[in-house]
Amino acid sequence: MTLPKAAEPAYGIARLIGEGYGRPYGKDETPIDIQYAKIAEWLGVRKHLPADWRKRLQAIQAALATETRNLPPDVGQDDSMSYFAAKAIRDKLAGSADKTLFGGLKGSAGSWDKIVKAYEKQSIHLAEAGNILIRNVDFEIPYFKKLAEKTQQQIADQEHKHEEFLRSAEAATKEYEQECSELGIKGRNIPGELAQLQQQLPGLFQDALADINSPAITSAMDHYAAVTAYAHSPPPDAAAPDPRQDPPADPNQLLPHLQAIRSGIHSQQLAINPSDTANSTEGDAESVQGGSQEIQWDVTGEAGDESPAAQESTDAANGGGADIDWDVAIDPGSDTAEAEADASSPAAEAVDISWDIDITEAAEQTQGPNFEGGSGQGFAPSELLNGDAEQQGAWPESMVRLTKDTSCRTALLDDLHELNVFLLQQMQELASGSHESLASAAPESLQRVGLSGVQQQSQAVTKVLTKMTSKKVQQLVMIQTSSQYSSRLARALQQKGSQHDKFLRLARETQAKQEEQERSLKSNAPKLQGLIQETRRIKTYVEEAVSALYSGRQVNMIGEINNVI
């Protein structure tokens with residue numbers, strides 16, 4: 001009996017394609033999405049994996065390890081044995097293995113076949129595959145990728161350091177050559193070459209002495225003396241000076257050290273008391289010219305108000321000498337004792353004493369002016385310079401003193417600075433015109449000196465100061481006067497000279513590290529690619545195995561695994 005067909009409603013009914021009575025199982029064709037980190041959990045919820053799968057997996061892996069030790073040498077094995085490695089070994093052994101009556105494998109191939117079937121029973125191999133995916137995706141592959149990035153960054157850094165070290169080596173070489181060039185040495189034997197540099201110092205000071213004796217310096221000193229004399233001269237209607245006040249400075253005694261260097265006069269009195277330079281200069285000049293000086297022996301008489309000199313004069317006139325203990329031990333048997341005995345007798349005649357003292361020779365044997373109040377021990381010019389006697393005799397004594405005597409150089413520089421400051425002040429006054437009110441009363445010699453003349457004098461003094469205080473002169477003086485400075489300078493130069501080799505050694509070490517890191521990067525690249533390929537292969541296998549469990553339904557692995565592979 002055929003039922004009548006129901007009448008169609010007046011309005012249309014919307015139907016989805018693949019649904020309804022025509023395809024009642026259309027929902028089974030929807031793809032299955034599985035999170036790669038939850039494969040075992042997904043299989044366990046759907047009863048495809050037993051609850052104690054971890055215990056069973058451990059037992060299978062123990063049997064796998066036992067069979068691995070019994071493998072023949074010609075059968076290759078992976079570093080980490082798993083279901084996929086066991087299956088590959090079984091297939092390789094199955095080609096040459098004997099079979100049972102029912103087609104099973106015997107021997108070692110049969111043992112590996114049992115392990116593979118134990119894996120496949122209740123999908124244990126899928127749970128192990130899920131663990132492998134987790135290890136590769138979350139740990140192994142990120143580690144090798146970060147290691148590769150770090151290695152590449154280190155290679156770039158080492159390359160940059162290598163270039164920096166090469167540039168530093170070149171800069172160190174240039175700096176060392178420049179230092180040696182400034183000192184005037186070649187840098188082959190630094191201590192010996194520094195010692196030879198001392199022979200250049202007298203020549204530099206001789207050049208400065210030539211400028212000191214120039215007409216410009218002479219006119220500058222004369223102008224300074226004239227201005228000082230004019231400034232300290234009393235007016236015609238001035239009262240008598242107070243004897244209690246200090247007398248005005250003598251213009252002829254200005255710049256005593258500069259004058260001494262120019263004239264070659266070096267007195268012991270100037271070395272003893274720099275403040276009394278004015279009085280000592282005049283006395284020294286008289287002594288050099290051969291004039292006699294009155295020598296005060298500072299011998300006190302026994303009684304009376306007479307001075308020692310008067311007492312000695314009285315004794316000499318009476319034919320007798322003063323009773324003075326000279327604290328000299330005399331041998332009674334010597335001729336000197338007899339002569340003294342005769343001289344001490346009342347009837348003794350006057351003895352002519354030949355003093356025959358060469359004042360000039362004594363002055364040469366005495367140390368010159370120690371302007372800082374140093375010791376009065378003398379030195380000969382021939383002892384000051386290195387070299388042969390002919391070269392030592394060629395240098396003037398003033399230059400020799402400048403070479404060896406630090407206080408002499410200091411005092412000379414003080415005078416030069418004093419003269420330079422005076423000239424600068426004169427230039428400022430002449431340029432501003434503030435001296436015009438006083439210039440009318442000044443002597444004609446001062447009125448003739450103009451701004452240009454004072455500028456030339458200042459330039460001459462500045463030129464001498466520049467030569468005396470140049471960096472090379474200071475270094476040579478320090479090398480000559482200080483052995484510690486010479487040793488320190490030699491060590492510094494040797495250290496700079498070794499910087500080139502040091503930077504080259506660092507550059508070679510950096511290049512070696514760079515090459516080692518490049519080899520490490522090349523060796524890790526195949527490992528990373530192998531992990532990626534293994535992860536991709538396992539992913540495909542799991543998707544196909546799960547799809548087989550659901551009648552060929554499409555299965556997709558989702559998560560970070562798709563970004564990694």
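The values are calculated or read from the model by the stated rules, or taken from the named source; none is laboratory data. The structure presented is a predicted model; accordingly, all values stated were derived computationally and were not measured. Methodologically, a virtual Cβ is constructed for each residue, glycine included, from the backbone with ideal geometry; neighbour enumeration extends over all protein chains shown. Please note that ligands, DNA and RNA were not included when accessible areas were found on the heavy atoms of the full protein model with its side chains. Shrake-Rupley method; radii C 1.70, N 1.55, O 1.52, S 1.80 Å.
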**Prompt:** Can you find even one residue in region 145-164 that is in a helix (DSSP H, G or I) and farther than 30 Å from LEU506 by Cβ?
**Reply:** yes
**Asked** GLY530 passes all but one of (1) open to solvent by 50 Å² or more (accessible area, probe 1.4 Å); (2) of a type outside the set (D, E, K, R); (3) more than 30 Å from CYS180 (Cα to Cα); (4) without any contact (Cβ under 8 Å) to a residue 12 or more places away in the chain; which number fails?
**Response** (1)
**Request:** Check off (1) modelled with pLDDT of 85 or more; (2) closer than 21 Å to ASP211 by Cβ for SER487 and give me the number that stays unchecked.
**Result:** (2)
**Request:** Hey, could you check region 500-516 for residues that are of a type in the set (A, V, I, L, M, F, W, C) and surrounded by 14 or more Cβ atoms within 10 Å (Cβ to Cβ) and say which is nearest to GLU159 (Cα to Cα)?
**Result:** ALA507
**Prompt:** Would you pick out the residues in region 44-81 that are of a type in the set (D, E, K, R), more than 23 Å from LEU549 (Cα to Cα) and in a loop (DSSP other than H, G, I, E, B)?
**Reply:** ASP74, ASP78, ASP79
**Fill in**
In region 114-142, anything over 52 Å from the mean Cα position of the chain (by Cα) and of a type in the set (Val, Ile, Thr) is listed as ILE115, VAL116, ILE124, ILE132, ILE134
**Fill in**
Selection from region 165-200 of residues among the hydrophobic types (A, V, I, L, M, F, W, C), under 27 Å from THR481 (Cβ atoms) and in a helix (DSSP H, G or I) yields CYS180, LEU183, ILE190, LEU194, ALA195, LEU197
**Request:** Please find, within region 433-465, the residue that is surrounded by the fewest Cβ atoms within 10 Å (Cβ to Cβ) out of those that are modelled with pLDDT under 80 and part of a helix (DSSP H, G or I).
**Result:** GLU444
**Request:** For region 144-160, indicate whether the set of residues that are acidic (Asp, Glu), touching a helix residue (DSSP H, G or I) at 6+ places or on another chain (Cβ under 8 Å) and more than 30 Å from TYR119 (Cβ to Cβ) is non-empty.
**Result:** yes
**Asked** Regarding SER487, is this residue over 30 Å from GLN152 (Cβ atoms), under 18 Å from the mean Cα position of the chain (by Cα) and open to solvent by 50 Å² or more (accessible area, probe 1.4 Å)?
**Response** yes
**Prompt:** Going by the structure shown, is GLN475 at pLDDT below 90, farther than 30 Å from GLN200 by Cβ and either surrounded by 12 or more Cβ atoms within 10 Å (Cβ to Cβ) or touching a strand residue (DSSP E or B) at 6+ places or on another chain (Cβ under 7 Å) (or both)?
**Reply:** no
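Matching residues to (1) at pLDDT 85 or above; (2) within 26 Å of TYR541 (Cα to Cα); (3) within 60 Å of the chain's Cα centre (by Cα):
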position: PRO72; (1), (2), (3): no, no, no
position: ASP79; (1), (2), (3): no, yes, yes
position: PHE84; (1), (2), (3): yes, yes, no
position: ASP91; (1), (2), (3): yes, yes, no
position: THR100; (1), (2), (3): no, no, no
position: LYS106; (1), (2), (3): yes, no, no
